[in-house]
1. Looking at the range 142-153, which of its residues are closer than 23 Å to PHE34 by Cα and either out of contact with any helix residue (DSSP H, G or I) (no Cβ under 8 Å at 6 or more places or on another chain) or open to solvent by less than 20 Å² (accessible area, probe 1.4 Å) (or both)?
2. Please specify each residue of the range 230-255 satisfying the condition of being crowded, with 19+ Cβ neighbours inside 10 Å, of a type outside the set (Phe, Trp, Tyr) and at pLDDT 85 or above.
3. Looking only at residues in the range 7-54 that are closer than 15 Å to ALA281 by Cβ and basic (Lys, Arg), which one is modelled with the lowest pLDDT?
4. For the range 202-220, indicate whether the set of residues that are within 20 Å of the chain's Cα centre (by Cα), closer than 24 Å to GLY102 by Cβ and part of a helix (DSSP H, G or I) is non-empty.
5. Suppose we filter SER297, SER348 for residues that are at pLDDT below 90 and among the polar types (S, T, N, Q); which single one remains?
6. Taking interchain pairs and intrachain pairs at least six residues apart, which have beta carbon atoms under 6 angstrom, with the first residue in the range 180-203 and within 11 Å of SER232 (Cβ to Cβ) and the second assigned to a helix (DSSP H, G or I) and among the polar types (S, T, N, Q)?
7. Being touching a strand residue (DSSP E or B) at 6+ places or on another chain (Cβ under 8 Å), modelled with pLDDT of 95 or more and closer than 20 Å to VAL168 by Cα narrows it down to one residue among LEU104, LEU109, LEU86, LEU114; which is it?
8. Spot the failing condition for GLU234; the list is (1) under 17 Å from VAL172 (Cα atoms); (2) in a helix (DSSP H, G or I); (3) more than 20 Å from the chain's Cα centre (by Cα), and only one is missed.
Amino acid sequence: MDELDHIAARVVERGGPWTIELYPTLACNLDCRFCDTAPRHVKPVNELDEAQWLRIVDEAADLGARRAMVLGGGEPLLSPHAPALLRRIKARGLSGMLTTNGTLLTAPLRALLLEIGWDEVHLSVDGARARTHDGLRGRPGAFRRTVSHACRLRAERDHRGLSAPRIVIHSVLTRCNVDELAELARLAAAVGAERVELDALVAYRPEQVALQLGPAERARLPERVAEGVAASREVGVATNYARFVDGHVTERGQHAPRGGPGEGFRAAPCLKPFHHLAITADGHLSPCCVLAGEGESIRDKPLAEAWASSPYLSRLREGMLCGVATGRCAECSENILVHERAIRARISA
């Protein structure tokens, strides 16, 4: 059985979460124009302490979790608890994925990732050129630091004869970088990344709307995607570019996900409430990043109890089994929905 089969089986059996998604802090050292996390420059309030994060990892592992994602509405490496959290995740045998803007991936942190056998690092790079990336990220010099740290991580990994952590470039598609897809694939190859994951923009505020693709950018997007796919094949880097030929993929927030034919799990627009658990910096739970923080706090509650009897998760699960997603589910990324449809297909089969 592959991972999708295991997740499908866990969904049907109503087992514990397969993946935990942890947000150790909402604080951030950048000022991204497209970010939708308003508190990222406010002094952290009521964030979980180190012992609480380690307890959550232990309890998730005891429930059979197999993967931990460390990311957040801010920069996870700003949290003083990040090193201990990363170490505990691997000590408990979970596969680890870290998403970071890369500016703080200093030598001690890189050494830690290599020492503990961390699995994957996703670096946010929103342009193939410093001017593009720094303009979107709101800090001069961010591009240089991120690219430098990526190169050093790959070099240090290779020097030790290791195959991990794998490096992934993550980029949000905007009108500022739509013409740089081929260059971004070449940059990924240059820094030693294995793939590029493009994601669509979610636009709430005027400054985000201003970054959306206009008619001219949409008209040339298929050509830019084709160029990007050709470049990625040339340099041996995987991408999800081809998915963006479909204009609907770039319209996050407008189309609610749909379930399959039938009833129960087959009809569910999304199965994340049955296999995925996200926990925000203050301990509130949800099944994903889009709905982050909407559920109850597990600050003083065992994870097993929260997973099994959360009123919030129960309502979401009941709705999904009836084929009904929440309003905010329209904001979900196609990258996530593709995974969920694959799980649903395994259950249907």
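The values are calculated or read from the model by the stated rules, or taken from the named source; none is laboratory data. What you see is a predicted model; the values in this text were computed from it and never measured. Virtual Cβ from ideal backbone geometry, glycine too; neighbours counted across all protein chains shown. Please note that ligands, DNA and RNA were not included when accessible areas were found on the heavy atoms of the full protein model with its side chains. Shrake-Rupley method; radii C 1.70, N 1.55, O 1.52, S 1.80 Å.
1. ALA142, ARG145, THR146, ALA150
2. Scanning the range 230-255 gives ALA231, SER232, VAL237, THR239.
3. Per the criteria, the residue is ARG40.
4. Step one: of the range 202-220, the residues within 20 Å of the chain's Cα centre (by Cα) are 202-204, 208.
Still in the running and closer than 24 Å to GLY102 by Cβ: 202, 208.
Keeping just the survivors that are part of a helix (DSSP H, G or I) gives 208.
Looking for residues that are within 20 Å of the chain's Cα centre (by Cα), closer than 24 Å to GLY102 by Cβ and part of a helix (DSSP H, G or I), one finds at least one in the range 202-220, hence yes.
5. Details: SER297 fails: at pLDDT below 90.
The conditions single out SER348.
6. ALA185/SER232
7. On the way: LEU104 fails: touching a strand residue (DSSP E or B) at 6+ places or on another chain (Cβ under 8 Å); LEU109 fails: touching a strand residue (DSSP E or B) at 6+ places or on another chain (Cβ under 8 Å); LEU114 fails: touching a strand residue (DSSP E or B) at 6+ places or on another chain (Cβ under 8 Å).
Only one candidate qualifies: LEU86.
8. (1)
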